[in-house]
Amino acid sequence: MNNENKNLNKLVKISLLGAIAVILMYFDFPVIPAFDWLKIDLSDVPALMGGFAFGPLAGIVIELIKNLLILIVKGTNTGFVGEFANFIVGVSLVAPAAWFYHRNKNKKTALIGMGLGFIAIEIVGIIANVYLLLPAYGMHMESAALLQYITVGLLPFNGIKAVIVSVVTYVLYKKVSMAIFKVDSNFNSEKKEQLTEA
């Protein structure tokens, strides 16, 4: 397969992952009863898988495609704030994980990368909410209420989301990386090295 066909194949798969992510956005559920507008879905899984397969830029593009398509299909009832929030929070998880994994693809870098994504989504989630998203929603909280929202709502929500997305991605990517993406996850690289040495 020449480079032109490879690039076309890559674009098709990235687009399909974006479309799958849109479908997954319809299946969401709240996890923090006191803040029931914070809902988790699995739409970041295709983005993280695409990031692992094709690099962090691909993951970012899938996040962008997902949010543009959901705007076209469903519209917005948040004045684009919800979609913007979904994009930047998703990117904060996907980009660091995919970047670190691509430095040296194996199980260890995948796990460390997802750990970095966990940290990034927590930090970016707080900064984005305090300085961008809550003001854009017109939600001006007092210091005590804001602190409670961050500690009781935002931090556990983003943490749970990062863990669920990472675990699902890890399990699925190991199984489908060769079959669908035609790339080796190298999650079993240590076993391969042991067999070679033997």
Among the residues of the range 9-45, which ones are loosely packed, with under 12 Cβ neighbours inside 10 Å, among the aliphatic types (A, V, I, L, M) and free of Cβ contacts under 8 Å to residues at least 24 places away in the same chain? Val12
Testing Ile123 on (1) closer than 25 Å to Gly79 by Cα; (2) of a type outside the set (Asp, Glu); (3) modelled with pLDDT of 95 or more; (4) buried (at least 16 other Cβ atoms within 10 Å of the Cβ), one condition comes back false. Which one is that? (4)
The helices (runs of 4 or more DSSP H) lying entirely within the range 1-97 that contain at least 3 residues which are in contact with a Lys or Arg (Cβ under 8 Å, 6 or more places away or on another chain) are 3-25, 44-54
One residue is enough: does the range 127-134 have a residue meeting the conditions over 21 Å from Lys174 (Cα atoms), within 13 Å of the chain's Cα centre (by Cα) and surrounded by fewer than 21 Cβ atoms within 10 Å (Cβ to Cβ)? no
Sort through Gly50, Gly55 and tell me the only one that's modelled with pLDDT of 95 or more, of a type outside the set (Phe, Trp, Tyr) and at positive phi. Gly55
Could you please tell me which pairs satisfy a Cβ distance under 6 Å, a separation of 6+ or placement on different chains, a first residue in the range 78-94 that is within 14 Å of Ala136 (Cα to Cα), and a second residue that is aromatic (Phe, Trp, Tyr)? Val81/Tyr137
Just checking, does the range 133-147 include any residue being charged (D, E, K, R), farther than 20 Å from Leu64 by Cα and assigned to a helix (DSSP H, G or I)? no
Here is a check on your reading of the model: is Gly113 surrounded by 20 or more Cβ atoms within 10 Å (Cβ to Cβ), out of contact with any Phe, Trp or Tyr (no Cβ under 8 Å at 6 or more places or on another chain), among the small types (Gly, Ala, Ser) and assigned to a helix (DSSP H, G or I)? no
Considering each of Val130, Val183, Val171 in turn, give the residue that is at pLDDT below 95, outside any helix (DSSP H, G or I) and of a type in the set (Val, Ile, Thr). Val183
Evaluate the range 73-91: report whether one residue or more is touching a Gly at 6+ places or on another chain (Cβ under 7 Å) and surrounded by fewer than 22 Cβ atoms within 10 Å (Cβ to Cβ). yes
Starting from the range 104-116, keep only residues that are touching a residue at least 12 places away in the same chain (Cβ under 8 Å), then list their pairs with residues that are surrounded by fewer than 19 Cβ atoms within 10 Å (Cβ to Cβ) and acidic (Asp, Glu) whose Cβ atoms are within a distance under 9 Å, requiring at least 6 positions of separation or different chains. Lys105/Asp184; Asn106/Glu190; Lys107/Glu190
Just give me the residues in the range 135-183 being surrounded by fewer than 18 Cβ atoms within 10 Å (Cβ to Cβ) and in contact with a strand residue (DSSP E or B) (Cβ under 8 Å, 6 or more places away or on another chain), in sequence order. Ile160, Ile164
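The values are calculated or read from the model by the stated rules, or taken from the named source; none is laboratory data. Since this is a predicted model, take the numbers as computed values, not measurements. When we count neighbours, we look across all protein chains shown, and the Cβ atoms used for this are built from the backbone with ideal geometry, even at glycine.
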